[in-house]
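The values are calculated or read from the model by the stated rules, or taken from the named source; none is laboratory data. This is a predicted model, so every value here is computed, not measured. Here the Cβ is made from the backbone with ideal geometry for all residues, glycine too, and neighbour counts use every protein chain on show. To get the accessible areas, we keep the full protein, side chains included, count just its heavy atoms, and leave off ligands, DNA and RNA. Shrake-Rupley method; radii C 1.70, N 1.55, O 1.52, S 1.80 Å.
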Amino acid sequence: MSYAEYFASRRDEQLNELNEWLKIPSISALSEHKKDILTAAQWLADTLNKAGLEHIEIHPTGGHPVVYADYLHAPGKPTLLIYGHYDVQPVDPLNLWTTPPFEPNIRDGKLYARGATDDKGQVFMHIKAIEAILSQEGSLPVNVKVCIEGEEEIGSVHLTSFLEKHKDMLAADAVLVSDTSLLERGRPAICTGLRGLCSLEVDVMTASTDLHSGTYGGAVPNALHALVSLLASLHDDKGRVAVDGFYEGVPELSPLMREEFAKQGLDEDKIREGLGLSTLYGEEGYTFVERVGARPTLELNGVYGGFQGEGTKTVIPKVAHAKITCRLVGDQNPQHVLDAIEAHLKSHIQPGAKVEVRQMEKAFALDIDPSNRFLQLAADAYGKAYGTRALFTKDGGSIPIMESFSRILKAPVVLMGFGLDDENLHAPDEHFNLENFDKGLLTIVEFLKSAGTI
């Protein structure tokens, strides 16, 4: 029996099984769902056992547990570590769901439920692919380890320390992850880079109290004026960040990478029109896809202060605030970037005002060489299932734990996603296109078998 026939004959059974997992409201951010988190972890452990994996254990952490399993019966063959997460996002606003978020429902070839695409549905495919190979052939062509966490949606709070503590148990030649998306329907992609992240909060203070603008206006510093002037100094008129040292560690785009970006065929006019903009904006010399995938940014996420109620209040505010995040690429060091921004802010503050900076998140970028053998085999596997070979892309977002896997385990990360960007992950009516469930199963099987040839 071919694998296509195997999966077709078991499709309804497998979807019903997935629905059982999707019914469990494993929301990691809400303490009232702690019991549901444990139930989802146990369900996963039981399903891994039924699939034929071994050494299954639910590892406690300082928060939600990590589920581990393995199948290590391919001496001399590569070891792949499959990572994913069984926790899901909160469901608010509930009234915007067409059907209840934890009552899975299939409509128009799409499976609707919280966690359907992010990430239970994609993790489930790996389990079923392994089960299929064991059922069809009696053994796996590679060694497999599975590490599925319950805290990804709250920042993988305890996973880095878990990786450090158990790095011998988790040692692998490559890390296989399905928590990303295709470029679009029928166009697979393998992400070879995720931007890093750092963030800070800024307070600008002037007088000891808010002041009357008639009595003091034009004669004293205004915290909002000082903040706006300070924030404007962070960029030049060509869209570049004007902070000394900000670009240290940023690689120039190679001709090969620019060629891969161009292959995506992104229509900038379509993006602009879809966003209701008269023009796109960003660092000169780079296309839209290059800016969001391979260039660093400094963005203002919030600027506030002074009177914000209805009507007018003639006040000179004594304090103003800003929230800033940066997306990082290449070898940019988030601590260095934060220190450089803080130094810039303190050296450019308007006379009569004071600035305080609180440094927050820090995460390194992830970069994987697309010529890596595992990535090339993954692209080929997509080609056989989808009829078109995967393109290599870079993602503008950040998944900090991916860098931790790569650094701690010293293994390449293979980001083989099967979602689509319009599947409402983190939003009401989250869903998973079952076309990619079907093709994803075949892709994973093909990849596991081809990896055994290394």
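Scanning region 6-36 for residues that are part of a helix (DSSP H, G or I) and either hydroxyl-bearing (Ser, Thr, Tyr) or not assigned by the TED database to the domain that holds VAL66 (or both), we see that the one that is nearest to the chain's Cα centre (by Cα) is SER31.
Restricting to region 248-292, name every residue that is among the aliphatic types (A, V, I, L, M) and either at pLDDT below 90 or surrounded by 12 or more Cβ atoms within 10 Å (Cβ to Cβ) (or both). Once the filter is applied, which keeps residues that are among the aliphatic types (A, V, I, L, M) and either at pLDDT below 90 or surrounded by 12 or more Cβ atoms within 10 Å (Cβ to Cβ) (or both), region 248-292 yields VAL250, LEU253, LEU256, MET257, ALA262, LEU266, ILE271, LEU280, VAL289, VAL292. Sub-7 Å Cβ pairs linking a first residue in region 323-344 that is over 10 Å from TYR247 (Cα atoms) to a second residue that is buried (at least 22 other Cβ atoms within 10 Å of the Cβ) and charged (D, E, K, R), at least 6 apart or interchain, are ARG327/ARG195, ordered by first then second residue. Only one of the numbered conditions (1) over 26 Å from SER371 (Cβ atoms); (2) open to solvent by less than 50 Å² (accessible area, probe 1.4 Å); (3) touching a Lys or Arg at 6+ places or on another chain (Cβ under 9 Å) is violated by LEU300, and that is (2).
Would you be able to say whether some residue in region 135-148 is at pLDDT below 95, surrounded by fewer than 24 Cβ atoms within 10 Å (Cβ to Cβ), in the same structural domain as PHE418 (by the TED database) and among the hydroxyl-bearing types (Ser, Thr, Tyr)? Scanning region 135-148 turns up no residue that is at pLDDT below 95, surrounded by fewer than 24 Cβ atoms within 10 Å (Cβ to Cβ), in the same structural domain as PHE418 (by the TED database) and among the hydroxyl-bearing types (Ser, Thr, Tyr). Is one or more of the residues making up region 32-41 touching a residue at least 24 places away in the same chain (Cβ under 8 Å), touching an Asp or Glu at 6+ places or on another chain (Cβ under 6 Å) and open to solvent by 20 Å² or more (accessible area, probe 1.4 Å)? Taking every residue of region 32-41 in turn, none turns out to be touching a residue at least 24 places away in the same chain (Cβ under 8 Å), touching an Asp or Glu at 6+ places or on another chain (Cβ under 6 Å) and open to solvent by 20 Å² or more (accessible area, probe 1.4 Å).
Please verify whether PRO65 is assigned by the TED database to the domain that holds PHE124, in contact (Cβ under 8 Å) with a residue 12 or more places away in the chain, in contact with a strand residue (DSSP E or B) (Cβ under 6 Å, 6 or more places away or on another chain) and crowded, with 22+ Cβ neighbours inside 10 Å, treating the condition exactly as stated. It is true that PRO65 is assigned by the TED database to the domain that holds PHE124, in contact (Cβ under 8 Å) with a residue 12 or more places away in the chain, in contact with a strand residue (DSSP E or B) (Cβ under 6 Å, 6 or more places away or on another chain) and crowded, with 22+ Cβ neighbours inside 10 Å. Elements of the type helices (runs of 4 or more DSSP H) sitting completely within region 320-429 and holding at least 1 residues that are open to solvent by less than 60 Å² (accessible area, probe 1.4 Å) and assigned by the TED database to the domain that holds LEU253: these cover 334-348. The residues on offer are GLY214, GLY218, GLY245, and the sole one that is open to solvent by 40 Å² or more (accessible area, probe 1.4 Å) and either touching a Leu at 6+ places or on another chain (Cβ under 8 Å) or part of a loop (DSSP other than H, G, I, E, B) (or both) is GLY218. Examine region 160-171 for a residue that is over 24 Å from LYS410 (Cα atoms) and assigned by the TED database to the domain that holds ASP421, and state whether such a residue exists. No, region 160-171 has no match at all.
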